[in-house]
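**Student:** Take this structure first; my questions come after.
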Amino acid sequence: MDKHKWATLFAVFIILVVPFGLAYYWITKPRPTVDTLMIAGDRQLVDKIDTATGKVFKDTLFHTISDFKFVSHLGDTITNDILEDKVLITDFFFTECPTICIDMSKNMAKIQEEFMAESHVMLLSHTVDPERDSVAKLYEYAERYDVNPKKWLLLTGEKKELYDMARYSYLISATIPGDGGPNDFIHDQHFVLVDKEGRVRGFYDGTIEEEVQRCINDTKKLLISYVIMPPKEKKKKNKE
């Protein structure tokens, strides 16, 4: 076959086959979506009214984290307002922990580095030992792990309020509900992913590298999903 015929066949291939191949790839390629992530916690069906038609329809009301007010390692008062338009990754630790908290803090530092340039991600670490973890002690701990306060905050406050957030908002503690007293103690290794609507979307073992990477990947899925479909406007929630 002469060069002219080869050139003709190649041109036909480019014109007919390549476009179909590209079209097939575009249609079938996997696309990240928030729908692949769980939504944790109780939910209930509620009646709502369509303002346009006046018809009543059923909608799902999901569990969301409650409002909070704590103090950061910088001594600033921090409320849930800091999470406006943010995806949150959070955990619970204490500075004198000799075991799991060390790995958790190292891995939270990795997540901080991963999302340092992403303005829509915030990290919060809550102490479960507020009697001993003063602001000064949290500040020293923050320096140890290169905590950047624009991305990651260590929080303290009243013990019962911290524990209520762990149990009833972030849903991480499987222990019997306590009263926040001296004998009440939470020691849990999980990171919790929360979306912009305040819904819990995932739990990850903060001591295991593969789990931490899964947390990073799921956070990216959420961020991409908000580019595709921005979150609905939040409504003011009642405190739990």
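None of the figures in this text is laboratory data; all of them are computed from the coordinates on show. Since we're looking at a predicted model, the values are computed, not measured. Neighbour counts are summed over all protein chains in view; Cβ atoms, including those assigned to glycine, are modelled from backbone coordinates with ideal geometry.
**Student:** Among 77, 122, 227, whose Cα projects farthest towards the positive end of the dipole of region 66-228, with charges put on the beta-carbon of Lys, Arg (+1) and Asp, Glu (-1)?
**Tutor:** It is 227.
**Student:** Hey, another quick one. Across every pair of different alpha-carbon atoms, what Kirkwood hydrodynamic radius in Å does region 66-228 reach?
**Tutor:** 15.7 Å
**Student:** Can you give the local net charge around residue 45? Use residues other than it whose beta-carbon is closer than 12 angstrom to its beta-carbon, Lys and Arg +1, Asp and Glu -1.
**Tutor:** 0
**Student:** Taking H placed 1.01 Å from N in the peptide plane, check which residues at least 5 places from residue 78 or on another chain put their amide H under 5 Å from its amide H.
**Tutor:** 70, 71, 72
**Student:** Here's something else I'd like to know. Starting from 0.36 nm per residue, how many nanometres of slack lie between residue 120 and residue 74 once their C-alpha separation is accounted for?
**Tutor:** 14.4 nm
**Student:** Next question. Roughly what % antiparallel, to the nearest 5, for the DSSP beta bridges in region 66-228?
**Tutor:** 55 percent
**Student:** Remind me, relative contact order of region 66-228 in percent, using alpha carbon pairs under 8 angstrom and six or more residues apart?
**Tutor:** The value is 28 percent.
**Student:** Please report 50, 76 as a ranked list, fewest other C-beta atoms within 10 angstrom at the top and most at the bottom.
**Tutor:** Going from sparsest to densest Cβ surroundings: 50, 76.
**Student:** So, one more: Give me the three principal axis extents of region 99-165 from the C-alpha atoms, as integers in angstrom, largest value leading.
**Tutor:** 33, 23, 21
**Student:** Continuing with this model, one more query. Using Cα centres only, tell me the gap between region 184-203 and region 110-160 in whole Å.
**Tutor:** 15 Å
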